[in-house]
1. Shape call for the range 57-122 from the C-alpha gyration tensor, a ≥ b ≥ c root eigenvalues: rounded (a/c under 1.5), prolate (a/b greater than b/c) or oblate?
2. May I ask you to compute the full-extension gain from F425 to K256, defined as 0.36 nm times their residue separation minus their alpha-carbon distance, rounded to one decimal in nm?
3. For the range 38-193, state the semi-axes of the equivalent ellipsoid (square roots of 5 times the eigenvalues of the alpha-carbon gyration tensor), sorted largest first and rounded to whole angstrom.
4. Over 28 Å between C-alpha atoms is what I'm after, so list which of K89/K264; K89/K255; K89/K367; K89/K371; K60/K201 land there.
5. Could the peptides 54-65, 271-282, 420-431 be put in order, highest first, of the mean number of other beta-carbon atoms found within 10 Å of their residues?
6. Rounded to the nearest 0.05, what FRET efficiency is calculated for T372 and R301 with R0 set to 60 Å and r the Cβ-Cβ distance?
7. Taking every pair of Cα atoms in the chain, average 1/r, invert it to obtain the Kirkwood radius, and report Rg/Rh to two decimals.
8. Could you tell me which of rounded, prolate or oblate describes the range 10-128, using a ≥ b ≥ c as the square roots of the eigenvalues of the alpha-carbon gyration tensor, with rounded for a/c under 1.5 and, failing that, prolate when a/b is larger than b/c and oblate otherwise?
Amino acid sequence: MSEEQIKNPPKGLMILAMVGPAFVWCAEYIGSGEVVLATRTGAILSTTVLWSVIFGIFLKYWIGMSGARYTVCTGEAMMDMFGRIPGPKNWVVWLVFAVQFLAAIIAIAALANVAGVFLAGFIGHESRTVQILCGWGVSLFAGLVVWSGKFDALKMVMSVFIFIVVVGVLYVAVRVFPSMSELARAFIPNVPEVPQWAVAKGVGTNAWKEILPLIGWGAGGFASQVWYTYWVLGAGYGMAAGRGDGRAADVVMLKKMDSATARKVKGWCHVLYTDATIAMIIGVVVTSSFVIAGSGILRPRELAPDGARVAIMLSEIFGTNWGKAGAFLFLLSGTAALISTQIGQLAGWPRLLADCCRICFPAISNKYPWKTRYRFFLVMFFFTSMVIIYTLGFQPVMLVKIAAICDGLLLTPLQAVCIAIGLFFIMPRLLSADAHRILRPSWFFIVGLAAAFFVFTYFCVFQIPAVVFQK
C-alpha cells in the first residue's frame, strides 16, 4: 500500500456515510446475551440492573475503540499488536489462542443452539428435532454468508439484521416502559436480592450469577473487541486502506510517514470515534430494551426463561399481551439478533485464530494462505456446533452463561492493559517522530482503559470465584 491510497477523510455529516464497522460490530455482539440473558435478568432482577448494562458496554467501548484506533494508525489488527507486547515471544498471542479456541467452540455452539430454538419457535414448531435442524441450518447459513471473507457483503447483511432487531425490541420495550422514577433508580449501581419466587424455581441466591454473564457479553466479549479491528480493516479507515486481513503493519512505510499523511489518518480517527459511538448507543438501547421487556412482561408472572422452551415461553407471554403481532415481533427481533451474531462469530473467530496461527506458527502461514486457514476454522466450528447442539442443546441458557464468562470476562483485563501498551508504547516506536506527534492518543484513552482494567479485574478476582464456588 502506498500513502496515496489513503483517501481524504470525510467531514461533518459526510462522516455518517462512512459508518459501517459499527453495524457489523453491534449486529455481531447483540445476540444471546441480549435476547436470552438480558430478558431473563430483567425478569429476575427487574430494571434495577440497567446500570450494569450501560457500565459494561461503556467500558468495552473504550477497549474496542482504542484497539481500533491503533489499527487506523498502523494498518494492522489487534492480534498483531499483541504479538509486539514485550516479554517472551508472542506470549499474549499464545494465551489468547489457547483460551479463545475453547471459548469459540462453546460460544459458537451456544449461539447456534439458541438461534435454532428461536427459529423453531418463529416457524411454530417446538420439537427438539426441529430445534436441532434449525440450529444446524443457522450455522450453515451463517457459514455460507462469511465463506468469502469479504467485508462489503457482511456489512450489508448485518445492517439489515440490526434494523430488524432495533425495530422489534423497541416496539416491545415501549409498551412496558418503566416510570421515570424507576428508570432513574436503575442508573444507581446496586445488587438487588434474588426474589424468593425465582429461588424456588432454581435460580441461585447470588444476583451476580445473573449479572456477570450479562456484563460479559454486553458489547461482546474479548473476541468482539479484536474483531472490531478486522471490520475497521475491511472498511479501509486510515492506514487500513487496501491492506485486508492477515498482514502485519508495513513498518518501513510507518517510519517514513510524513505530517500530511498523519493528518489524513487523524481525520480517519474522528470517523472511527463516530462509528464506535454509534455502536455503543445501539448496544445500550437494544440491551436495555430486552431488560425492560423481561422486567415488564415476565417478572409480574414470576417467570425466568430457561431450558429448551425459552423461545416458546417468551413468545407465548408476549403474544398474550399483544396478540400475534407482539409474539411475532419479539421472535423476529430475537431470531434476527441471534442469526446476525452467529454470522459475526463465524466471520470473526476464524480470523482471530488464523492470525494466531500466522504469528505462532510461521511455517503454517508460509504453506497455507490466509483464506485457507480462515476457512479451515470456519468448517471446524460448523461441525463442532453440530455435535454440541445435538448433545447439550437442551440447556441453552447454561451454555450461553458459560460462553459469556469465558469470552466476556476472563481475558478482558489483560486486553485493556495490552491495548494501552500498544497505543502508548508500541505505536510511537512504529511511527515517524512527525507522525507520532500528530497521532499521539489523548489521555482519555488511558483513563478509559485503566477503568476497564480495574473493573473487570474486580469481577475476575472476586465475583467470578464467588459465583463458581457458590454452595
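Laboratory data are not the source of any read-out in this text; all were calculated from the coordinates shown. For clarity, every value in this text was computed on a predicted model and none was experimentally measured. Heads up, the Cβs are rebuilt from the backbone with ideal geometry, glycines too, and the neighbour counts pull from every protein chain shown.
1. Because a/c hits 1.5 or more and a/b fails to exceed b/c, the range 57-122 counts as oblate.
2. That pair, F425 and K256, stretches by 59.0 nm at full extension.
3. They are 32, 27, 17 Å, listed from largest to smallest.
4. Working: K89/K264 33 Å; K89/K255 23 Å; K89/K367 21 Å; K89/K371 25 Å; K60/K201 33 Å.
The pairs that break the limit, which is 28 Å between Cα atoms, are K89/K264; K60/K201.
5. 54-65, 271-282, 420-431
6. 0.70
7. 0.97
8. Values: a/c = 1.89, a/b = 1.42, b/c = 1.33.
Note, shape of the range 10-128 comes out prolate.
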